[in-house]
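The values are calculated or read from the model by the stated rules, or taken from the named source; none is laboratory data. Please read these numbers as outputs of a predicted model, since none were measured by experiment. Neighbour counts are summed over all protein chains in view; Cβ atoms, including those assigned to glycine, are modelled from backbone coordinates with ideal geometry.
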């Protein structure tokens with residue numbers, strides 16, 4: 001199996017991507033690993049600064065990505081097939097969500113810049129400002145709500 005990707009593959013429909021290309025869409029922001037609260041009446045999703053116990057606060061990547069479901073069974077596994085159901089739950093800057101909605105990647109995305117640190121340099125990651133979920137009781141997550149949209 002080849003691990004090569006096609007030039008500008010990120011402009012293709014999500015269903016046309018290879019598994020390697022799909023994984024490469026991730027910008028490494030870590031926002032999807034923040035715990036969220038969903039209003040039962042409105043369906044509005046609010047992000048918190050409370051991060052999944054597996055998020056590495058320095059790299060903004062899952063510390064156990066390949067086996068994360070063993071530790072966090074509720075972790076959402078993104079696929080082209082389930083984007084209709086879960087895109088609303090993803091950050092507005094998420095490449096998977098943007099491409100699902102037919103929008104381009106932001107100019108700071110590593111696939112555009114060629115720099116794996118560009119997400120962090122653009123201030124688009126959660127690097128350095130999350131709180132591990134094991135330090136905050138779930139009933140206190142509202143104290144860590146993020147007001148701005150991202």
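Can you work out which of the residues in the stretch 100-117 that are part of a helix (DSSP H, G or I) and touching a residue at least 40 places away in the same chain (Cβ under 8 Å) is nearest to residue 27 (Cα to Cα)?
Per the stated criteria, the residue is 110.
Restricting to the stretch 28-50, name every residue that is more than 9 Å from the chain's Cα centre (by Cα) and assigned to a strand (DSSP E or B).
35, 36, 37, 38, 45, 46, 47, 48, 49, 50, listed by residue number.
Quick one: would you say residue 112 is over 15 Å from residue 52 (Cα atoms) and in contact with a strand residue (DSSP E or B) (Cβ under 6 Å, 6 or more places away or on another chain)?
No; evaluated as a whole, the condition is false for this residue.
Of the residues 127, 97, which is out of contact with any strand residue (DSSP E or B) (no Cβ under 8 Å at 6 or more places or on another chain), at pLDDT 95 or above and not in a helix (DSSP H, G or I)?
None of the others qualify; the one that does is 127.
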